[in-house]
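Asks: Quick one: structure below, then a few questions.
Read-outs: derived from the displayed coordinates by stated rules, not from any lab. The model shown is predicted, which means the values in this text are computed figures rather than measured ones. All Cβ positions, even for glycine, are placed from backbone atoms using ideal geometry, and neighbour counts span all protein chains on display.
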C-alpha cells in the first residue's frame, strides 16, 4: 500500500506505464501500486492534466492483465452483483469512507472545482467502473474499498503473480 504524497515517477516507470497504456502517460505523479516484479500496476494522476482537462480518476489502473481482468468481470455482468453488496449498511458505510479517502488523497495534488466531490467508479452510491475501484483497492490496500477488494477477489488476475510482458522493466532501466 502506498499513500500520497508519492515520490515522483522515474523515466523508466513512465516508459513502462506508456507501454502498458499504448500511449504517452499523462499527469502521473507517482506509482500507487506495483506488480510483484516492481512494474507499475496503478498510477496516481494529477486531478488536472497539463492541457487543463479535469481528471477525476486519481488512481488509474495501468497493468494490462489487471485491466483485462476487470473488463472481463464487467463483461460477465458482475457489477450488478457487486452493487447489491451496497444494500448492506456496513458495506455502504465502508464504501462511503473509501470515497472520502479517495477524495482526500487526490486533494493533496490540487483542487479542481469541476470534479469537486466526484471520486471514481461510482462511489459512494453506485458501482460504475471496476477498473477504478480495483485501482483504488490496490493503491489503498485491502480493507479500504470493499467493492474494489471484492472485484479483485473475483478476478482471474492477482497482484501476487507477475504477468508483465517485460518483468522488472521499471527498475531495470
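Asks: Which condition number in (1) under 24 Å from residue 117 (Cβ atoms); (2) surrounded by fewer than 17 Cβ atoms within 10 Å (Cβ to Cβ); (3) within 15 Å of the chain's Cα centre (by Cα) is the one that residue 47 fails?
Replies: Result: residue 47 passes all but (2).
Asks: Is it true that residue 130 is without any contact (Cβ under 8 Å) to a residue 40 or more places away in the chain, closer than 13 Å to residue 73 by Cα and surrounded by 14 or more Cβ atoms within 10 Å (Cβ to Cβ)?
Replies: Values: without any contact (Cβ under 8 Å) to a residue 40 or more places away in the chain: no; closer than 13 Å to residue 73 by Cα: yes; surrounded by 14 or more Cβ atoms within 10 Å (Cβ to Cβ): yes.
Spelling it out, it is not the case that residue 130 is without any contact (Cβ under 8 Å) to a residue 40 or more places away in the chain, closer than 13 Å to residue 73 by Cα and surrounded by 14 or more Cβ atoms within 10 Å (Cβ to Cβ).
Asks: May I pose another question? For the range 1-16, what are the residues that are surrounded by 20 or more Cβ atoms within 10 Å (Cβ to Cβ) and touching a residue at least 60 places away in the same chain (Cβ under 8 Å)?
Replies: The initial filter retains those residues of the range 1-16 that are surrounded by 20 or more Cβ atoms within 10 Å (Cβ to Cβ), namely 9, 13, 16.
Once the filter is applied, which keeps residues that are surrounded by 20 or more Cβ atoms within 10 Å (Cβ to Cβ) and touching a residue at least 60 places away in the same chain (Cβ under 8 Å), the range 1-16 yields 13, 16.
Asks: So which of 96, 133, 152 ends up being within 20 Å of residue 4 (Cα to Cα) and touching a helix residue (DSSP H, G or I) at 6+ places or on another chain (Cβ under 9 Å)?
Replies: Criteria check complete, one pass: 133.
Asks: Further, regarding this structure: From 165, 115, which residue is under 29 Å from residue 19 (Cβ atoms) and loosely packed, with under 14 Cβ neighbours inside 10 Å?
Replies: Answer to the check: 165.
Asks: Are there any pairs, at least 6 apart or on different chains, whose C-beta atoms fall under 6 Å, with the first in the range 65-84 and at negative phi and in contact (Cβ under 8 Å) with a residue 40 or more places away in the chain and the second loosely packed, with under 15 Cβ neighbours inside 10 Å and not in a helix (DSSP H, G or I), and if so, which?
Replies: Filtered contacts from the range 65-84: 69/156.
Asks: Right, something else. Residues that are touching a residue at least 12 places away in the same chain (Cβ under 8 Å), under 17 Å from the mean Cα position of the chain (by Cα) and under 27 Å from residue 52 (Cβ atoms): does the range 91-99 have at least one?
Replies: yes
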